[in-house]
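Okay, so here's the structure we're looking at.
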Amino acid sequence: MPYLALLFIALASYTDIAHAAEQEKVFAEQTWGVGALFRNAEIPFDTEADNVSSFVPMMFYQGETFFMRGIEGGAHLYKNQDWQVNAMGRMRFFDIPAEYQNAVQGDTVDLGLQARRHFSENSFLDIELFSDLKGNPYANLTKHWYFQHNSWEFMPQISARYKSASFNSRYFALEDLTNEKIGAGVEFNAKVETRFHLASNFYLLGSVGATALDNNAYKANAVEQRWQSEVYLGFAVFNDISKPKKTQLSNHGYLRVAHGWATPSNLGEILRGNTVKDEYNNQLTSIFYGLPLTDELFSLPLDIYLTPGFIWHWNSEVQSSEQEYVLGIKAYYTIHWPLRWRLGVAEGLSYVSDVTYIERSEMEEKGYRPSELMNYLDFSLDINLGDLFRVNALKDTWLGYSIHHRSAIFESASQFGRIKGGSNYNSVYIQFDF
């Protein structure tokens with residue numbers, strides 16, 4: 001079978017890494033976080049609904065090269081004490097009434113470049129050039145500040161955005177619906193983000209902001225009001241700012257290779273052991289890397305990882321082969337009786353090159369337009385093979401079962417297409433720590 005070739009390559013790669021390492025790699029605690037926020041924004045258009053809400057999962061990570069900052073992420077192309085140049089992607093919300101969001105799916109990820117100039121430890125300026133995925137450009141100039149008082153952190157900012165005529169026409173004149181074209185313009189925004197350290201790793205998050213539209217956007221036939229407000233409120237877990245970061249963690253990196261089988265059963269049915277086999281036997285093969293972030297959360301021995309993954313969905317009589325890309329944060333809890341076994345759960349984002357049959361058929365049955373971008377969950381149970389067979393050479397090898405789950409959080413998330421449903425795969429995996 002072709003997926004065995006991919007499994008062999010993954011195992012060979014792991015063997016090369018293991019033999020090349022002269023000593024066990026030591027990982028330090030990373031800057032990271034994961035949270036969930038509710039977003040509420042005013043709708044600037046002439047509609048019956050005045051505002052729209054969405055549930056927004058967020059991930060945070062700051063590495064030497066790569067970073068995630070809630071709804072944005074990217075890579076440092078250049079970095080010194082005063083300057084950064086970053087390649088970035090950022091989620092942008094298109095605020096229309098909730099009942100139209102599945103059909104329109106206007107929320108998108110914009111791509112661009114950012115130059116960041118640090119004036120001090122608590123003040124910096126961003127100069128950005130971005131475009132949506134259809135090539136409509138815009139530019140941002142944003143000044144940021146940072147203040148901390150006891151358990152409170154405040155991050156105010158002011159910004160100006162130059163929007164091209166094509167961007168303004170698409171997102172404010174709604175050119176695709178109205179055929180109206182408008183000119184370019186500059187809008188202004190002010191926002192204050194705040195973070196409160198409640199206890200240990202637990203934080204409360206919030207922000208409030210307002211945008212003043214430019215004259216061309218405001219005078220578009222579809223627009224009703226010049227000002228648009230936006231509010232976020234939620235919670236997250238981060239590094240405990242009252243403690244220094246650990247210089248050496250007890251957990252190590254890992255490589256996980258899995259093979260899974262699709263099921264039309266929902267997540268609740270699977271967890272109850274009531275799984276139905278997919279009649280077309282659709283399958284996937286995945287490979288995940290685990291980067292240790294910390295080995296403790298809320299004073300509990302929880303191993304936390306940043307875990308990017310690549311998934312190959314095999315072709316069948318109802319679908320072509322498709323690719324899936326995942327970025328998540330995974331937690332493991334190890335139980336040491338009667339031997340080592342672990343419970344794991346991951347939260348993240350999943351993007352597929354084309355929606356799979358098992359997911360598309362459910363969406364069509366429910367009357368939804370599918371979305372390539374979805375929320376990702378992973379639930380796992382594994383056992384240490386070294387303990388099971390009493391072989392020291394296998395002490396860093398685990399055999400497990402996992403559920404590969406994509407969904408849109410019960411119609412609560414506009415960025416995932418305001419969908420209820422998704423897809424599930426039962427999988428078996430082998431995982432190597434190194």
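The values are calculated or read from the model by the stated rules, or taken from the named source; none is laboratory data. Owing to the predicted nature of the structure, the values given are computational and were not obtained by experimental measurement. Cβ coordinates were reconstructed from backbone atoms using ideal geometry, including for glycine residues, and neighbour counts include every protein chain displayed.
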Test each condition in (1) under 30 Å from Ala236 (Cβ atoms); (2) surrounded by 15 or more Cβ atoms within 10 Å (Cβ to Cβ) for Ser316 and report the one that comes out false.
(1)
Positions within the range 407-426 being of a type outside the set (Asp, Glu) and either over 26 Å from Asn281 (Cβ atoms) or surrounded by fewer than 21 Cβ atoms within 10 Å (Cβ to Cβ) (or both), in sequence order:
Ile409, Phe410, Ser412, Ala413, Ser414, Gln415, Phe416, Gly417, Arg418, Lys420, Gly421, Asn426
Which count do you get for residues in the range 305-345 that are in contact with a strand residue (DSSP E or B) (Cβ under 6 Å, 6 or more places away or on another chain) and within 21 Å of Gly417 (Cβ to Cβ)?
8
Note down all Cβ pairs under 7 Å where the first residue falls in the range 65-94 and is under 17 Å from Gln415 (Cα atoms), the second is outside any strand (DSSP E or B) and among the aromatic types (Phe, Trp, Tyr), and they're at least six residues apart or on different chains.
Phe94/Tyr171
Does the range 232-258 hold any residues that are under 22 Å from His149 (Cα atoms) and either out of contact with any strand residue (DSSP E or B) (no Cβ under 8 Å at 6 or more places or on another chain) or not aromatic (Phe, Trp, Tyr) (or both), and which are they?
Leu233, Gly234, Ala236, Val237, Asn239, Asp240, Ile241, Ser242, Lys243, Pro244, Lys245
Specify the residue that is surrounded by the fewest Cβ atoms within 10 Å (Cβ to Cβ); the eligible residues are those in the range 347-385 that are within 21 Å of the chain's Cα centre (by Cα), without any contact (Cβ under 8 Å) to a residue 60 or more places away in the chain and under 20 Å from Glu99 (Cα atoms).
Glu372
Count, please, the residues in the range 21-46 that happen to be outside any strand (DSSP E or B) and surrounded by 15 or more Cβ atoms within 10 Å (Cβ to Cβ).
5
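For the range 169-194, name all the residues that are closer than 23 Å to Arg39 by Cβ and either assigned to a loop (DSSP other than H, G, I, E, B) or of a type outside the set (Gly, Ala, Ser) (or both).
Arg170, Tyr171, Phe172, Leu174, Glu187, Phe188, Asn189, Lys191, Val192, Glu193, Thr194
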Has the range 196-213 got any residue that is of a type outside the set (Val, Ile, Thr) and in contact with a His (Cβ under 9 Å, 6 or more places away or on another chain)?
yes
May I ask you to verify whether Leu205 is buried (at least 18 other Cβ atoms within 10 Å of the Cβ) and either touching a helix residue (DSSP H, G or I) at 6+ places or on another chain (Cβ under 8 Å) or assigned to a strand (DSSP E or B) (or both)?
yes
Being modelled with pLDDT of 95 or more, within 24 Å of the chain's Cα centre (by Cα), of a type outside the set (Phe, Trp, Tyr) and buried (at least 17 other Cβ atoms within 10 Å of the Cβ) narrows it down to one residue among Asn168, Asn86, Asn102; which is it?
Asn86
If you check every pair at least six apart or on different chains, which have Cβ atoms under 8 Å apart with a residue in the range 154-165 that is under 20 Å from Ala217 (Cα atoms) and in contact (Cβ under 8 Å) with a residue 40 or more places away in the chain first and a residue that is assigned to a strand (DSSP E or B) and not small (Gly, Ala, Ser) second?
Lys163/Tyr138; Lys163/Val186; Lys163/Glu187
